[in-house]
Each structure stands twice: as structure tokens, then as C-alpha cells.
1. Mind checking whether some residue in region 287-301 is touching a residue at least 60 places away in the same chain (Cβ under 8 Å), surrounded by fewer than 17 Cβ atoms within 10 Å (Cβ to Cβ) and either in a loop (DSSP other than H, G, I, E, B) or not basic (K, R) (or both)?
2. Only one of (1) under 17 Å from P856 (Cα atoms); (2) touching a residue at least 40 places away in the same chain (Cβ under 8 Å); (3) among the hydrophobic types (A, V, I, L, M, F, W, C) fails for M837. Which number is that?
3. Among the listed residues I262, I270, which satisfies the condition of being more than 24 Å from G460 (Cα to Cα), under 21 Å from the mean Cα position of the chain (by Cα) and among the hydrophobic types (A, V, I, L, M, F, W, C)?
4. Of the numbered conditions (1) modelled with pLDDT under 95; (2) more than 37 Å from the chain's Cα centre (by Cα); (3) within 21 Å of S38 (Cα to Cα), K73 fails exactly one; give the number of that condition.
5. If we keep just the residues of region 310-332 that are surrounded by fewer than 20 Cβ atoms within 10 Å (Cβ to Cβ) and not small (G, A, S), which is farthest from L223 (Cα to Cα)?
6. If a residue has to be touching a Ser or Thr at 6+ places or on another chain (Cβ under 7 Å), more than 16 Å from the ligand (Cβ to nearest atom) and in a helix (DSSP H, G or I) to count, how many in region 658-688 make the cut?
7. Could we say that Q285 is more than 18 Å from the chain's Cα centre (by Cα), under 15 Å from L209 (Cβ atoms) and of a type in the set (S, T, N, Q) here?
8. Would you tally the residues in region 689-701 being buried (at least 24 other Cβ atoms within 10 Å of the Cβ) and more than 10 Å from the ligand (Cβ to nearest atom)?
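The values are calculated or read from the model by the stated rules, or taken from the named source; none is laboratory data. For clarity, every value in this text was computed on a predicted model and none was experimentally measured. Glycine also receives a Cβ, built like all others from the backbone with ideal geometry; neighbour counts cover every protein chain displayed.
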Amino acid sequence: MRGGLICFSNFEFVRCSFIKRILLATLIGIGPSAFAGSVWLSSLDLKQMTTGWSVAKADHGIMGTPLSIHGEKFTHGVGTHANSEFRVQLEGNAKRFTAQVGVDDSAGHQGSVEFIVTGDGKMLWRSGVLKGGEAAKLVDVNLAGVQMLVLRVTDGGDGENNDHADWADAKIEMRDGVPPPVALSPYEMFNLGTKNFAMTFQVGDDSRLYQRPIGADDPKAKLQRDEEFYPQAGDGYVWEPALQAVHADGNTSTALVYDGLIQTNESANIKLTCIRLHDLAYPFQVTLCFRTHYEEDVIEEWTEIRHQESGSVTLQRMASTSLLLTTNVYLTHFFGDWAKEMLYPITEKITPGIKILDSKLGVRADQYNNPSFILSLNGKATETNGEVLAGSLAWSGSFQLAFDDNNEGIRTLCGINPFGSTYHLKPGETFTTPTMIWVWSPNGLGDMSRKFHRWARDFGMRDGHKPRAVLLNNWEATGFDFDFNRIAGLFDPAKALGVELFLLDDGWFGNKYPRINDDAGLGDWQANPKRFPNGLAPLAAAAVEHGLRFGIWMEPEMVNPNSELFHKHPDWVICQPKRELELQRNQLVLDLTRPAVQTFEWNAIQSILSVPDITYAKWDCNRYLTQPGSLYLPPDRQSQLGIDYVRALYVLMDKTAKTFPDTELMLCSGGGGRVDYGALKYFHEFWPSDDTDPVARVPMQWDYSYFFPLMAIASHVTHWGNRPMHFACSVAMSARFGMDLDLTKLSAQDRAICAGAISAYKQIRDVTESGDLYRLEDPHNNFRGAVNFVSPGCSRAVVFVFQLNDGENVPVYPQGLDPAKKYTVHELNPAPGQPKMPQEGKTFTGEELMRDGTMPSCSKALEACVMELTSM
Ligand code: GLA
């Protein structure tokens, strides 16, 4: 505590000043530290009490008549009118609050109200609805330790007419020798913030929660209804709501009022803030949760919904966030398709109306729209300038991102797609929405991404500080055409080149229906006896004998109709009865809402990953839902198949991560269908696209890097596009490096280039994996692209230049170096025949390098240059 401001570090209640408290205390004739005994509520500054009609009256009813409830008269007390709120600062100095409450007789047997007493955001007492003519109810509440007492009168859910409410005989009993209680300004305001970002909330006199739009600099006294936070459908709000619920009795409206908040310090840098709201007329509660990462300007936001109604409440919309911004906002989003993921950024000004980006694919987040986006305020942002807010929804199912511009402000509603997601919430059950991740920067896109990456390495992915092994995958090299000898034959050349980990892809399993093409075998997770007569263990052991780790591909959620599993359990698949089965890549999705399927998939995963020497796995998912029906779920739960599926999937992924903590996992979904932080937290990396053409990968990796650290983006050297080997290796080395080549068929020159790239990667991976990324030259519509990484402490940096077309040989300007440090410039694994860099081996200060740049060795299409800057 300092002064009159009760501070919880970065979370502050805006309260009246200490001086004001002393003045108030003096005005009512009591010294600030000389008080003892009881204080009549009516002796406090009642101007601070809000009322739905007229003004609060000391020792009288709202009509100016003596306080009277059910014929009983009271000398002391406060007459008010719903909706009414009174905030009293106690600073832990009070003992009790007592009163007799009810509807004042001046309402003439009309009116209905509810009295609510909260202390520090916790409900201490509520009267239930009291009607005109009913006897007074006694309030007697223990206030020990309470800092802030809030007395509220609601309209009982039926409007404010005749709601004359009396806090009769109301008094606060204080401890001896403490300052008196002080009435505070009616608008409770608080900031939820990080180092450079703040969301300002205000509790209105209708007790609803409001949010000052991000970017608004007009500190209005009272916020408008359009600025309600987490707006609900059906009770006055006419724009796109965050919450749409049908209550157990069929009422389609929800009206949430503010209860208070609870804050927990999870570490010196991280705080969890839970803002609690409840419905005025129903036992229905919503908790808005925010986990703030102070230094990184990251906020994780989600919502919890629960109720104790007589039957299920139907949730039709339940957004994770409903953040409000001012207008003049630009949205950058990404579209794509299979092998064309993150095609290019689309930047557009948000204009009045609703812009919706969504996915209806059920078991993966994206194939087309992407669940990550960037908002820039007051004009388009650049890498180094502009106020930027990046958002990413951590959900691997159908999502919706809606940007609702009503010409006064823009509301971002992100969460599970309301399409096909009606959820029947049982009494006592809590619905937790997916988490929305927000990252703010006042200094442009580069700063935003570096903060995002720091957060991701710590919280968004597994082992974000552990170096990644150089991987060789057989998929592009062999497809389905392999056996023990063909695979084992790859180990020697792999080891000779410097590879550390071998990944065996699709095609190793199936017995009666062998997986020799994509038409059969999914679901039958036994090693193909013809290809691997003794199972996988001898192959994994052979890899280890050759000094390689061994990894395996699996697609546990899927089944081919040509499989023993499907023949045994045709009812286990997701399908629509009475409709012809629709196959994608000849396969179907198993219904993970069915407990038997959960057990089956877990057993399959366990048996695969328990093979000795398997320490890596690629988890694939090669189709999405087109007929979202479950033969297991009852009719009223069909609509929540997608939600129940993704939740069951996360249980499976979590169990896998916990049971096999040393097994690294790659997240894959027919290319980049599951690039989201919902799943990534159980994985070490993701497969961004089946398109491995390095010319496509340069802009694609640039775009993914807005949201994901490069170490999470698997990048393999293949023959896609038939690009020069040096260019392909350089592009892959800038992310999580791997190869997907038949090493036995490489020319001597390409083999040398690959060996050089692997050795260079091992030298720099600590910088590219845990260093800060600076995006230097945007490859979109440009003849080249360039990025650099800087190690923690700035002692080393690595610069990548990718020449997409012929172009002028101009310097590249690294960023983020220590201006005072001296760096020696050295090209790693130079391409055969490319001229030496003019600055090769020379030393410059960081300031000189950043100001004057350094000339790369490349200037022609499909050349690349990787240089290391090492300080003395
Ligand atoms: C998906 C993946 C590929 C490969 C194949 C195997 O398409 O994206 O990398 O694993 O499946 O069937």
C-alpha cells in the first residue's frame, strides 16, 4: 500500500487519495486515527452512492419519508433506489456490518430488490429477492480483514420500477483507534496491465463491467453500453455478443454484473487475475481470467462459465475474448491451403460491419484461415514502428475470429466457432474456453515477435530451451516404398553426414491390410510383418548402433475402411447416419468422444512409443471433419462433438507428453493444419507445410515467425522445386533443421554441401534456437529476404540472406547487435563457386555493422549466404 492507492504491483485500483480521506474524516469531525465504535452508514458521504432514481437519503427513505419496512420505522439508515452501489474503504479496520434491509413502505407493496454485500470481491451476503410489503431481513456480516466493502441493491431481475430500498439501521463496527471508513467514488476502475500495455475496466452504476477501448485517450467519466466487456445477448446489447446462452427455463437473455476480482501472483513476472461476474436473476456465473506476463507484454485470456440452474444451460456463443479497441485499426491475417499454408499476409483496414475469419474443420484449426493475426493501431505497422497487438487462439478445432466494427469501436471476438458448437452445460459443470494469447508492442512487429517467442519458449511449447537434433526423414525419399534393409541402409550415410536423429515416416504398419499406400492400414498399429518381421525394435536398435536416435510416424486418430480395426468397429468412426461415408485421403476420423476409442488410441500410442530406443515421434492428422456426427453421443450432444473431440485429444496429448517426457514430438496435420498453441504446448515443433520448396519456405517461415519461434518450425531439405542444394540447406538451417532426402543418391558435391550445412547448424543452433530474431528484409514481392538472430548477451549473431531473384548486390543491415562490441564476420558453409564476401574475416563494431551493413556473397537467384558474427 502506498498513499490512498491500494496497489497490487501492476494491477491497481484507482482509489481516492489519502488526503481526500483525511479531509473527509475531518469534515465529519473524527481524526484519522482516533476512531472507535460504530459508524452509521448514513454518516458517510452518500453522494458516492449510485441510485437508479433520485439520490440516496440519510436517515430517510428515497421519497424523503421516514425509513419504514413492513410498518417498522427506523431512525437511522440510508434510503436508496435500485440499481444502487456504495463502495466503502475499510482497510481491514472493521469488525462487522449490520443492517435491516427491505423495500421501503413508500413503494406501496410494489417493487422487488436484492441486497448484496461483498468484501474484496467475495460475496459475503445476499438477501435473495425481497418484495414490497415483506418484513425486513437482518444482515450481520463479519468484516475482519476486509479492505473494500461494497453494498449493492439490484432490481431483482424485473426492472427498477418502485424499487425503494432501505439499508435501515445500517452501521459498521470499527476496531479501536483506527481511521474511519470512507465512501469512495462510485465507478470502480482498475487496470490490468503489463509493462507497456493496459486494459482499463470500469464497473458501471448498473454494476456491469465496461472496458475502455484500447487506444482511446478520452478518459470519459462513464462508459457506454456498447463498451460493455464480455457483452451478453438478449438484454439490451445489439452487436455481436461474446456470450449467448439459453437458460434452463428457456430465457434467451443473460445479464451479468460485476462481483469482484481475485488476483494471484504466480511468479514475480506473472499474475493471474480472475474477474467474477454473475447473472442478476439466475445462478449463472462467468469468470474472466487473465494471466499477464509483465516483461513480455503477453496476456493469456480465457473465460469460465458455470451455473446451478435446474437443468442444462445451452451455450450458443462463448468467446474466449471480447477485447475492445478504437477504430483506425489494421488487421493482418493469413490464408492458405494444403501445401500453400500462410500464402501471404493480407493487411486491410477494419471497416464498419463484421469481418469473420473462421474454420469449420472440427479436428484441426486451419487449412484455410489461420487462428493467428495482427492488429495495428493508428496505421500500418512496420518491423520497428507502430502499436501492434498480435492475437493467437490456442485451439485445434473450429474457431472464429470476428472483428465487429460499429463505427465507434472495434470488438474482437475470438473463440470456438459458434457454428456447429452448441454446448449443453450441466449444472455444476464448468465450461472453460480456449485461451487467447495477446502480445503487445509499442515498437512494431519485430519487438512483438521477440516477446512472443520468449513467451513461447517458456510456456507455449515443450523444452523451448533444449537444442534440437539434426533430423533425417525418409518420406520424400522413399514414400511408402521401403523395408528394413532400405531404411537401415540410410543410417550409415546419415551418420557420415552428421545427422543425429532418424524419423521413419508413414508405411511401417498394418498386417492383413498392409500400409503400402494411403488406401489401407490406418488403425492397425502393428509393424508390417513382411517389412519388419521382428517388429520395430531391431530397426530402432540398428539406428542407435549407428549413433542415431530413432523416431516414428503415427496417426492415432485415423482409420482406413481397409483395416482390421474398421471391420471390427465400424461404429467407431465419425460419420452422419443415413449419409454415404465421405472419405478424405481414403480415411475416416475415429470418434474420440467414445471412451473405447480413447482407450484404443492411448494403447496404440503407448505401444508405439514404448518400443525401446524410440525417442521421437511425428503425430499426424491427415483429414478434417466433413460429416460431424457421433454414433456414441446422444442426440442433444451431437452439436458439441467438435468441442468434446478436441478436449479428448488434448487429454491424449497431455498423457503422451507426461508418460514419455523424453520423447520429442512433432505436430503435423497434412502439412500445417495444426499450427496453434492449443496443441503446441504438448509438442516440440510443428510441420508447417508439405511444401518444402525453399523458395516457398522463405516467405512462409517469415510469416509463421510473427507468432512462432523458428526453432518450432520444422524445415527439411528436399528436392521440391529442384533448387540448388546450397540454397535449400541455407533456408532449412534458419529454422528447425532436417533433411528428407535419399542420401545414397546425392552427388558428391551435394553431399559435401549437406555435410557443411549440418556442421554449420550445430555451430549456430544455440543462437538460432534461443536467440532473438530480427526480420530484416521482407521476401514478399522482393528479390531477396533476410533475417538475423542475436544470442542472449549479444556476443554472437547469425545473418541469413536468401536470394529469390537476381538483384543488385547490396549490403544487409543486421539489427540487435551490441553497438560497442566488435564482431568478426565469417560466412558459414559458403556455396561452391560463389565469390568470397568482401568483409570475410574482418572485424567491425556492432554500430558499424548495423549502420553500414555487410555485403553478402549472394546476388543471383537461388543463392544464399549464412554469416556468423562473433564478438571478441
Ligand atoms: C502428411 C504429412 C507428410 C507425411 C504424410 C505421410 O501428408 O504432412 O509429411 O508424413 O502425411 O502419409
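1. Taking every residue of region 287-301 in turn, at least one turns out to be touching a residue at least 60 places away in the same chain (Cβ under 8 Å), surrounded by fewer than 17 Cβ atoms within 10 Å (Cβ to Cβ) and either in a loop (DSSP other than H, G, I, E, B) or not basic (K, R) (or both).
2. Exception for M837: condition (2).
3. I262
4. (1)
5. Top of the filtered list is T314.
6. Residues flagged as touching a Ser or Thr at 6+ places or on another chain (Cβ under 7 Å), more than 16 Å from the ligand (Cβ to nearest atom) and in a helix (DSSP H, G or I) within region 658-688 amount to 2.
7. yes
8. Residues meeting the conditions: 5.
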